[in-house]
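The values are calculated or read from the model by the stated rules, or taken from the named source; none is laboratory data. From a predicted model like this one, the values you see are computed outputs, not experimental measurements. With ideal geometry, Cβ positions are generated from the backbone for all residues, glycine too; neighbour counts draw on all protein chains shown. Note: areas computed on protein heavy atoms with side chains; ligands, DNA, RNA excluded. Shrake-Rupley method; radii C 1.70, N 1.55, O 1.52, S 1.80 Å.
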Amino acid sequence: MGPKKLRPLTHYIVPALFVGALFLMQIFGSPEESDILHIQGEAMGTTWSLKIAQSPLVKSDIVRGLQAEIEKVNLEMSTYIDFSTVSRFNQHTDLQTGLPISDNLKQVLETARYVHDQSFGAFDVTVGPLVRAWGFGANKASEPPTPDEVTQVLSKLGMSHIYIKDLKLYKVVPETEIDLSAIAKGYAVDIGGEWLENQGVINYLLEIGGEIRSRGMKSEDKAWTVGIESPSTDGTGAVEAITLRNTSMATSGDYRQFYELDGKRISHTIDPRDGQPVSHGLASVSVIHESTMLADAWATAIGVLGPKEGLIMANRHQLGVRMIVREDNGQFSAQESQTFTEKTR
């Protein structure tokens, strides 16, 4: 589809396309949905929210069970928990001895490698040190890296520096780290959704930190809907309703995390292929996929690739993709892949 013109942008800090916050507002701000069970909680350093139609479970059992499922993922894959499997691997320096991992972590890493290969390296779970070097994330640097420093960091990165054998995770370079923040939330949503379905919940909308999974219907004649907010200078941009039918959606963008250096916009989205912040105009991308984990990873990959390469990639893999592109004239345009239109309208 061709680009759709949106409102002009005059300020560089854009509270736009924040699906998680908007989603929460829609969940808990609809008085006509009194027959829908609404639940929310905190996990993975963010919030989760759930809507259920015709729940066979009581609220307390759902909270207890869902929180436990999400926490299992967090205890394995968080970089903010010192004793998580991922944190212990990052501290592990013995190249001859692998670190035992679960089937769950193996599945996430194999999916990460698949998206890495299919995106020609745009998605890479070892990119964390580069992100910190450019002044983002935990233990971030106080000033941007020099070209030599970028080269040095790049030498320690890459999916080729990690491998799995007999349910053990190995590294080739001692300093190599993994950060699953661009895929683990999506996986947690899938795990939580599968738990709900195993309990007999068939009509629900589950969200963790903006990554969303829908199953069944909101009512007999209404599908689940979420909203994507378009950019505006005052934070009250127009909201477009997106219909989700037994599918998932994840969003990635650079509209909140960036800074300016010598008049140049430095995005928190770092291209792991050259070690540089992306310079294209893609402000945000939402991806529709049956797997929330894959939607999560592909949203990050396309956010690195940019609007032109990203749309080509979306069409190649029949991904449902909607992009908000920052134009040179200060306006924003929306572009969708054909699959996105077919799955959400």
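With the checklist (1) of a type outside the set (Phe, Trp, Tyr); (2) closer than 23 Å to GLY45 by Cβ; (3) assigned to a helix (DSSP H, G or I) in hand, flag the one item ASP117 doesn't pass.
Tallying (1) of a type outside the set (Phe, Trp, Tyr); (2) closer than 23 Å to GLY45 by Cβ; (3) assigned to a helix (DSSP H, G or I), ASP117 fails exactly one: (2).
For segment 79-101, give me the residue count where each residue is closer than 27 Å to ILE39 by Cβ and either at pLDDT 95 or above or in a helix (DSSP H, G or I) (or both).
1
Identify, by number, the condition in (1) modelled with pLDDT of 85 or more; (2) open to solvent by less than 50 Å² (accessible area, probe 1.4 Å); (3) hydrophobic (A, V, I, L, M, F, W, C) that VAL19 doesn't meet.
(1)
Just name the residue that is nearest to ALA122 (Cα to Cα) out of those in segment 154-172 that are open to solvent by 40 Å² or more (accessible area, probe 1.4 Å) and in a strand (DSSP E or B). Explain how you work it out, then say what you get.
Looking only at segment 154-172, we keep the residues that are open to solvent by 40 Å² or more (accessible area, probe 1.4 Å), and these are 154-156, 160, 163-168, 172.
Filter once more, keeping what is in a strand (DSSP E or B): 163-165, 168.
Values: TYR163: 18, ILE164: 21, LYS165: 24, LYS168: 25 Å.
Top of the filtered list is TYR163.
Within segment 307-345, take every residue that is in a strand (DSSP E or B) and not aliphatic (A, V, I, L, M) and give me the one that is nearest to VAL278 (Cα to Cα). Working first, answer last.
Of the residues in segment 307-345, the ones in a strand (DSSP E or B) are 320-326, 331-336.
Then drop every residue that is not not aliphatic (A, V, I, L, M), which leaves 320, 322, 326, 331-333, 335-336.
Numbers: GLY320: 22, ARG322: 18, ARG326: 13, GLN331: 19, PHE332: 17, SER333: 18, GLN335: 19, GLU336: 21 Å.
Restricting to residues being in a strand (DSSP E or B) and not aliphatic (A, V, I, L, M), the top hit is ARG326.
Is at least one residue of segment 164-173 among the hydrophobic types (A, V, I, L, M, F, W, C) and at positive phi? Break it down stepwise before answering.
Within segment 164-173, the first condition is being among the hydrophobic types (A, V, I, L, M, F, W, C), and the residues that meet it are 164, 167, 169, 172-173.
Filter once more, so that each one left must be at positive phi: 167.
Among the residues of segment 164-173, at least one is among the hydrophobic types (A, V, I, L, M, F, W, C) and at positive phi, which makes the answer yes.
Within the set of pairs 6+ apart or on separate chains, which have a first residue in segment 313-326 that is over 21 Å from PHE120 (Cβ atoms), a second that is part of a loop (DSSP other than H, G, I, E, B) and open to solvent by less than 10 Å² (accessible area, probe 1.4 Å), and C-beta atoms under 7 Å apart?
Listed pairs, sorted by first residue: ILE324/LEU17; ILE324/PRO231.
Quick one: what pairs do we get from segment 218-233, first residue open to solvent by 30 Å² or more (accessible area, probe 1.4 Å), second hydroxyl-bearing (Ser, Thr, Tyr) and at pLDDT 90 or above, C-beta under 6 Å, 6+ apart or different chains?
Short answer, once both residue conditions are applied: THR225/THR243.
Among the residues of segment 91-122, what is the count of those that are under 23 Å from THR300 (Cα atoms) and either of a type in the set (Asp, Glu) or touching a Lys or Arg at 6+ places or on another chain (Cβ under 9 Å) (or both)?
Qualifying residue count for the region: 7.
What residue, of GLY135, GLY45, GLY128, GLY41, is at pLDDT below 95, open to solvent by 50 Å² or more (accessible area, probe 1.4 Å) and touching a Ser or Thr at 6+ places or on another chain (Cβ under 8 Å)?
Details: GLY135 fails: open to solvent by 50 Å² or more (accessible area, probe 1.4 Å); GLY128 fails: open to solvent by 50 Å² or more (accessible area, probe 1.4 Å); GLY41 fails: open to solvent by 50 Å² or more (accessible area, probe 1.4 Å).
Just a single option satisfies the conditions, and that option is GLY45.
Answer yes if at least one residue in segment 210-231 is modelled with pLDDT of 90 or more, in contact with a Lys or Arg (Cβ under 8 Å, 6 or more places away or on another chain) and β-branched (Val, Ile, Thr), and no otherwise.
Yes, some residue in segment 210-231 is modelled with pLDDT of 90 or more, in contact with a Lys or Arg (Cβ under 8 Å, 6 or more places away or on another chain) and β-branched (Val, Ile, Thr).
Answer yes if at least one residue in segment 144-153 is touching a Leu at 6+ places or on another chain (Cβ under 6 Å) and closer than 20 Å to GLY192 by Cβ, and no otherwise.
no
Which condition breaks for SER55 when tested against (1) over 24 Å from ASN203 (Cβ atoms); (2) modelled with pLDDT under 95?
All conditions pass for SER55, except number (1).
Among (1) of a type in the set (A, V, I, L, M); (2) modelled with pLDDT of 50 or more; (3) surrounded by 16 or more Cβ atoms within 10 Å (Cβ to Cβ), which single condition is ALA68 missing?
In the conditions (1) of a type in the set (A, V, I, L, M); (2) modelled with pLDDT of 50 or more; (3) surrounded by 16 or more Cβ atoms within 10 Å (Cβ to Cβ), ALA68 misses (3) alone.
Is it the case that LEU105 is part of a helix (DSSP H, G or I) and open to solvent by less than 70 Å² (accessible area, probe 1.4 Å)?
Values: part of a helix (DSSP H, G or I): yes; open to solvent by less than 70 Å² (accessible area, probe 1.4 Å): yes.
Spelling it out, LEU105 is indeed part of a helix (DSSP H, G or I) and open to solvent by less than 70 Å² (accessible area, probe 1.4 Å).
Suppose we keep only residues that are among the small types (Gly, Ala, Ser) and part of a loop (DSSP other than H, G, I, E, B) within segment 173-201. Which one would you say is most open to solvent (accessible area, probe 1.4 Å)?
The initial filter retains those residues of segment 173-201 that are among the small types (Gly, Ala, Ser), namely 181-182, 184, 186, 188, 192-193, 200.
Now narrow it down to the ones that are part of a loop (DSSP other than H, G, I, E, B): 181-182, 200.
Details: SER181: 79, ALA182: 25, GLY200: 40 Å².
Applying the filter and picking the extreme gives SER181.
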